[in-house]
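Chemist: Here it is: the structure, laid out below.
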Amino acid sequence: MTKNNGKYALITGASQGLGYEFAKLAAQDGYNLVIVSRTKKKLDKVKKEIEKNYNVKVKVLVKDLAKPSSAGEIFSSLKKDKINVEMLINNAGYARFGLDHKISLKDDLNLIHVDLMTPVKLTKLYLKLMVKKRSGMILNVASIAGFQPMPYFNSYGASKSFILNFSEALYNELKGTGVHVTCVCPGVTKTGFIKRAKMEKSRLTKQIIMKASTVAKEGYRAMLKRKRLCVPGIHNKFLSIVHKILPRPVALRISRFVSGPY
Ligand SMILES: NC(=O)c1ccc[n+]([C@@H]2O[C@H](COP(=O)([O-])OP(=O)(O)OC[C@H]3O[C@@H](n4cnc5c(N)ncnc54)[C@H](OP(=O)(O)O)[C@@H]3O)[C@@H](O)[C@H]2O)c1
């Protein structure tokens, strides 16, 4: 059985999809886990499965990360329990498919909190402690949606662009500190994401869809190898490069076509 390494990994959005896969990978490496999402029932199931299969402890935290206070509450609660986070995986997130003027401000702000504000807050809260100890790693889950503007996924794409740029700049700033930040940018992956985004009519769903376990493994390994960026899948790597080379108006037109309804 796995040897418990006595360290803790904090993983947001670990009730299903990529977060659940990250949780298993960290447990396999002997990390105790703090798993966060809104759904206690699903988190309890993950806790039971992981504690049965790996020699690690799992703490469940039920939080709605759309709430501006959630990152601070997680930090205070773990501090009170003397849980020292050595690995942070900012994974929770979702998209909304649709034209921006048809999405309410409240819905957009909730998304921006989950996909952008909360990961930035958690990163900043734990980064300080990690740099002080000269040890720690952070994996931020962005998306290939972050490489260009994304009509029909506007706030989502823009939030993921922020996370991508924020993480890459941190990667550079942190050189020599013993702490590192990796950004993983998945393309379309088979999880609960498509259903939650209500994007069944988007052409994106007609592309190659990767397995969650494959994507998580690539991202997790990139973090362990202290890489700056990980784009899982050769087709996604190609897209990320093409969008960098193309003139912005052309990239934008392609992006609209690819994201839009069929
Ligand atoms: N799947 C893709 O095609 C794809 C592509 C690129 C990037 N990504 C990114 O990958 C990450 C993981 O998504 P996924 O594909 O694994 O989707 P998923 O299966 O829908 O899982 C999303 C996770 O985030 C949690 N979550 C969502 N809203 C939350 C909130 N307000 N508060 C707390 N937790 C919340 C969900 O838990 P509860 O519902 O229990 O709260 C769930 O555990 C996201 O950041 C997403 O943007 C996914």
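Chemist: What's the local net charge at Tyr171, with K and R +1, D and E -1, over the other residues with C-beta under 12 Å away? List each step's numbers first, then the result.
Modeler: Numbers: positive: Lys175, Arg226, Lys227, Arg228; negative: Glu168, Glu173.
Result for the local shell: +2.
Chemist: If R₀ is 30 angstrom, what is the calculated FRET efficiency for the pair Leu99 and Ser69, using the beta carbon separation as r and rounding to 0.05? If you can, show how the numbers build up before the last one.
Modeler: Details: r = 31 Å, r/R0 = 1.03.
Efficiency, from the Cβ-Cβ distance: 0.45.
Chemist: Listed here are the pairs Lys24/Lys82; Lys57/Lys128; Lys3/Lys121; Lys45/Lys195; Lys106/Lys217; which of them are more than 28 Å apart at the Cα?
Modeler: On the way: Lys24/Lys82 23 Å; Lys57/Lys128 25 Å; Lys3/Lys121 31 Å; Lys45/Lys195 21 Å; Lys106/Lys217 34 Å.
Long pairs (Cα-Cα over 28 Å): Lys3/Lys121; Lys106/Lys217.
Chemist: What number, rounded to the nearest 500 deg cm²/dmol, is the helix-based mean residue ellipticity at 222 nm of the chain, given -39500 (n - 2.57) per DSSP H run of at least four residues and division by all its residues?
Modeler: Calculated from helices alone, the mean residue ellipticity at 222 nm is -14500 deg cm²/dmol.
Chemist: Further, regarding this structure: Put +1 on the Cβ of every Lys and Arg and -1 on every Asp and Glu Cβ in the chain; which of Thr205, Tyr20, Ser70 then has its Cα farthest towards the positive end of the dipole?
Modeler: Of the listed residues, the answer is Tyr20.
Chemist: Same structure, new question: Looking at the range 176-262, which trypsin sites (Lys or Arg not before Pro) are DSSP coil and have at most 10 other C-beta atoms within 10 Å of their C-beta? Mind showing how you got there, number by number?
Modeler: Values: sites: Lys190, Lys195, Arg196, Lys198, Lys201, Arg203, Lys206, Lys211, Lys217, Arg221, Lys225, Arg226, Lys227, Arg228, Lys237, Lys244, Arg253, Arg256; in loops: Lys198, Lys201, Lys225, Arg226, Lys227, Arg228.
Sparse-neighbourhood loop trypsin sites (Lys or Arg not before Pro): Lys225.
Chemist: With only Lys, Arg, Asp and Glu charged, each at its Cβ (+1 for the first two, -1 for the last two), find how big the charge dipole of the chain is about the Cα centre; round to the nearest 20 debye.
Modeler: Numbers: 48 positive and 17 negative charges, 68 e Å.
The dipole magnitude comes to about 320 debye.
Chemist: Another question, if that's okay. By average Cβ neighbour count within 10 Å, what is the ranking of 133-145, 94-106 from highest down?
Modeler: Values: 133-145: 22.4, 94-106: 13.8.
Most protected by this proxy first, the peptides run 133-145, 94-106.
Chemist: Another question, then. Can you find, among Ala145, Ser240, Pro186, the residue farthest towards the positive end of the dipole of the range 132-262? Put +1 on the C-beta of Lys and Arg, -1 on that of Asp and Glu.
Modeler: Most positive-ward Cα: Pro186.
Chemist: In debye to the nearest 20, how big a dipole does the range 1-115 give about its Cα centre with +1 on each Lys and Arg Cβ and -1 on each Asp and Glu Cβ? Spell out each step's value before the answer.
Modeler: Working: 21 positive and 13 negative charges, 106 e Å.
The calculated dipole for the range 1-115 is roughly 500 debye.
Chemist: At a Cα cut-off below 15 Å, give the aspartates and glutamates reachable from Lys133, other chains included and same-chain residues fewer than 8 away excluded.
Modeler: Qualifying aspartates and glutamates at Cα under 15 Å: Glu86.
Laboratory data are not the source of any read-out in this text; all were calculated from the coordinates shown. Just so it is clear, the model here is predicted, and its values are computed rather than measured. Cβ: placed from backbone, ideal geometry, glycine included. Neighbour counts: every protein chain shown.
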